[in-house]
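Comments concern the structure below.
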Amino acid sequence: MMELEKKLTFIKQAMPEMEICKIEEKKTGWDNEVVFINDKKVFRFPKNKEVAKKVEMEARLLGDLLKQKELPLSIPDVTLLYGKDKQIVCGCYDLIEGDMCSESEKAGTIENAKLLGEFLTQLHSLEIPDYMEKKHTTTYWKTFYRDVQKEIFPCIEQEAQYEIQDTFERFLFQQDPLAIPSTVIHGDLTISNIVFKSAENRIAGIIDFTDAQIGDPAFDFAGIYWDFGPAFTQQVLRNYRGTEKNEAIFKRVQVFYGLQPVFHELLYAMRNQQDIDCRDALKKFLEMKYL
């Protein structure tokens, strides 16, 4: 990745008319490093070529989504910036005012549930474009499960292994993938990608669509379930209009999708040599499995 000085040189060349008064860099993202300019502009630099392709797809999807009338929440209007080799260097958009939605208890209001439900209704009703692919196949989940067994199981007690095994195998062997409708999904709708205006106690926008794909609409309720809990998730679903009964969506979230975010976090931490307590991380999983 570029050092900050090189990023700023590129930004100045791409936008020579912009006066830079304040700079803030965030390098902790999974896929992108981010530079904030003047608390107004966001520049997201993909960490590798694979992510750059996802950024290009994201820009196309957001362009399609912005054509929808009266979106209940703000989303980025991304401009892609290219280098001399015609490769994407970064995506740029106006900052959506607010902060990462870390206060889930404060944000879990009926009004915010309504906003999320209406937003997901519009996102999931988009015509499926030809530039997106389906990633969460049965093969994907089986591979993911094998990774969990190989990398996480050695670090945890046998009782926890049984609980995880039960969760995955119920999902993998009791689901009929062909019976589940596919839609455009955000793919990473967690509190880190929900912009929250604390002063107004209102969700203001949704960011980071680089994991967007064709998939099970229930997956977009996974982060909501994990971060906000089942009661708020059901409230969101009361304001959601999809092609199947909301009870069926909630069931898939409750028994699997809403429980699996912890495994992504654990695998990421392990693969990036980050300190993490597996037992402590799985405590919430075990608690939520039996809500």
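From (1) of a type in the set (A, V, I, L, M); (2) in the same structural domain as Pro230 (by TED's automatic domain parsing); (3) surrounded by fewer than 19 Cβ atoms within 10 Å (Cβ to Cβ), pick out the condition that doesn't hold for Ala113.
Failed condition: (3).
All but one of (1) within 25 Å of Ser125 (Cβ to Cβ); (2) exposed (fewer than 12 other Cβ atoms within 10 Å of the Cβ) hold for Met57; which doesn't?
(2)
Let's see how each residue does on (1) touching a residue at least 40 places away in the same chain (Cβ under 8 Å); (2) of a type outside the set (Lys, Arg); (3) outside the structural domain of Leu66 (by TED's automatic domain parsing); (4) out of contact with any Phe, Trp or Tyr (no Cβ under 9 Å at 6 or more places or on another chain):
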{"site": "Thr210", "(1), (2), (3), (4)": "yes, yes, yes, yes"}
{"site": "Ile214", "(1), (2), (3), (4)": "yes, yes, yes, yes"}
{"site": "Ile224", "(1), (2), (3), (4)": "yes, yes, yes, no"}
{"site": "Asp227", "(1), (2), (3), (4)": "yes, yes, yes, yes"}
{"site": "Gln234", "(1), (2), (3), (4)": "no, yes, yes, no"}
{"site": "Val255", "(1), (2), (3), (4)": "yes, yes, yes, no"}
{"site": "Tyr268", "(1), (2), (3), (4)": "yes, yes, yes, no"}
{"site": "Gln273", "(1), (2), (3), (4)": "no, yes, yes, yes"}
{"site": "Arg279", "(1), (2), (3), (4)": "yes, no, yes, yes"}
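Is it the case that Pro76 is in contact with a Leu (Cβ under 8 Å, 6 or more places away or on another chain), within 25 Å of Gly229 (Cα to Cα) and outside any helix (DSSP H, G or I)?
no
Which one of these is closer than 22 Å to Ala281 by Cβ and modelled with pLDDT under 95: Ile164, Ile191? Even if it seems obvious, please write down each step before you answer.
Numbers: Ile164 fails: modelled with pLDDT under 95.
It is Ile191.
Any idea which of Tyr93, Tyr131 is crowded, with 17+ Cβ neighbours inside 10 Å and touching a Lys or Arg at 6+ places or on another chain (Cβ under 9 Å)?
Selected residue: Tyr93, the only one of Tyr93, Tyr131 that is crowded, with 17+ Cβ neighbours inside 10 Å and touching a Lys or Arg at 6+ places or on another chain (Cβ under 9 Å).
Output the number of residues of the stretch 1-32 satisfying the condition of being assigned to a strand (DSSP E or B) and out of contact with any Leu (no Cβ under 9 Å at 6 or more places or on another chain). So that I can check it myself, show each step before the final result.
As a first pass, look at the stretch 1-32 and keep what is assigned to a strand (DSSP E or B): 23-26, 32.
Filter again for out of contact with any Leu (no Cβ under 9 Å at 6 or more places or on another chain), leaving 24, 26, 32.
Counting residues in the stretch 1-32 that are assigned to a strand (DSSP E or B) and out of contact with any Leu (no Cβ under 9 Å at 6 or more places or on another chain) gives 3.
Residues in the stretch 181-203 that are in contact with a helix residue (DSSP H, G or I) (Cβ under 7 Å, 6 or more places away or on another chain) and assigned to a strand (DSSP E or B): how many?
6
Report whether or not Asp77 is under 19 Å from Leu189 (Cα atoms), surrounded by fewer than 18 Cβ atoms within 10 Å (Cβ to Cβ) and modelled with pLDDT of 95 or more.
Criteria met by Asp77.
For Phe263, indicate whether it is closer than 26 Å to Lys135 by Cα and aromatic (Phe, Trp, Tyr).
Yes: the conditions hold for Phe263.
Take the residues in the stretch 204-254 that are part of a strand (DSSP E or B) and among the small types (Gly, Ala, Ser); name whichever of them is farthest from the chain's Cα centre (by Cα).
Ranking the candidates gives Ala204 first.
Need the failing condition index for Ser125 against (1) out of contact with any helix residue (DSSP H, G or I) (no Cβ under 8 Å at 6 or more places or on another chain); (2) over 30 Å from Lys41 (Cα atoms), just the number.
Unmet for Ser125, out of (1) out of contact with any helix residue (DSSP H, G or I) (no Cβ under 8 Å at 6 or more places or on another chain); (2) over 30 Å from Lys41 (Cα atoms): (2).
The values are calculated or read from the model by the stated rules, or taken from the named source; none is laboratory data. Bear in mind the structure is a predicted one, so any value in this text is a computation, not a measurement. A quick note on method: Cβ atoms are made from the backbone with ideal geometry, for glycine too, and the neighbour counts reach across all protein chains shown.
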